[in-house]
Amino acid sequence: MDYTATQSGSRQRKLQANMRLRNSSMDGSDGSQLFEDTSRAGSGSQTGYRNQQAGPQAAGFPGQSLLSDPMSNLAMAYGSSLASQGREMVDKNLDRFIPISKLKYYFAVDTVYVGKKLGLLVFPYMHENWEVSYQQDTPVAPRFDVNAPDLYIPAMGFITYVLVAGLALGTQNRFSPELLGVQASSALVWLIMEVLAVLLSLYLVTVNTDLTTIDLLAFSGYKYVGMIVGVVAGLLFGKPAYYLSLLWCCVAIFVFMIRTLRLKLLSEAAAEGRLVRGARNQLRMYLTMSIAAAQPIFMYWLTYHLIR
């Protein structure tokens, strides 16, 4: 009996202690807290940030109203049309003075053509057919016809001539950028004067020919090949080699120019090899020979001072 009473008393004391703990925890929840609950404040700040982000999107940026304006779209279309018209005008005027579409024809070459053309310039004596081939009244590209004029060889010949001239001046301890510039500018000026003189002569003689200014520039630029051969031979083997190689190249360019230009400047009868008669044909023949004879003179004038 005493043991049972003792167990029941201990159980009552434990139940009373648990009840006191529960009451104290409920009282603490009603009192002041040690730490502030910031979960509600955080959720409120996130809601405000979302409202700030949604604000500009709902309102839109000022450029949208400008782009959506019909007058702005009309002004942009008008400006683009003006720009396209100006570009077309520039292309037309540029093509009038610098025929870019025609220049593409003169640079349509390949390695085979360049090799054959260089051989023809140095040794033109065995070549028989000098007529330019045509396809539907249009001359074929230079890479298909070795007789067609081109600007690739004259352009590369001019650049190579300037480099070889600088090398020759360097071997003589006379090289300077100013002197090299004078050499290049003088060669270019003489080339332009030669072409202008030929154009003036054709106008005075009243020759009806299909030769263009670019054709004359190409034919006048072929002499740089012989000039390079002469200067290189002089640098390698001395002055006698310069004179011999230059003489060979001068004769070769003279023959090349005569056989090429006679088909352009002389009449059809002269082109077929018949006797040239008439005062006008005589003038054309003299003009052809003058143009051909001027090439060796320029070749010697532009190279003799490079070999000492």
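The values are calculated or read from the model by the stated rules, or taken from the named source; none is laboratory data. Everything numeric in this text was worked out from a predicted model, so none of it was measured. When we count neighbours, we look across all protein chains shown, and the Cβ atoms used for this are built from the backbone with ideal geometry, even at glycine. Surface areas here come from the heavy atoms of the whole protein model, side chains and all, with no ligands, DNA or RNA. Shrake-Rupley method; radii C 1.70, N 1.55, O 1.52, S 1.80 Å.
The table that follows gives values for the structure above.
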{"read-out": "Number of the exception - Tyr243 against (1) open to solvent by 20 Å² or more (accessible area, probe 1.4 Å); (2) under 21 Å from Ile159 (Cβ atoms)", "value": "(2)"}
{"read-out": "Residue within the stretch 166-175 that is under 13 Å from Tyr222 (Cα atoms) and surrounded by 13 or more Cβ atoms within 10 Å (Cβ to Cβ) present", "value": "no"}
{"read-out": "Options Leu179, Leu200, Leu163; residue that is modelled with pLDDT of 95 or more and at negative phi", "value": "Leu163"}
{"read-out": "Test for Val229: is it touching a Cys at 6+ places or on another chain (Cβ under 8 Å), over 26 Å from Asn281 (Cβ atoms) and open to solvent by 30 Å² or more (accessible area, probe 1.4 Å)", "value": "yes"}
{"read-out": "Pair list, Cβ under 6 Å, 6 or more apart: the stretch 108-119 residue under 8 Å from Val146 (Cα atoms), other residue at pLDDT below 95 and open to solvent by 70 Å² or more (accessible area, probe 1.4 Å)", "value": "Tyr113/Arg143"}
{"read-out": "Filter pass, Gly273 being among the small types (Gly, Ala, Ser), modelled with pLDDT under 95 and open to solvent by less than 30 Å² (accessible area, probe 1.4 Å)", "value": "no"}
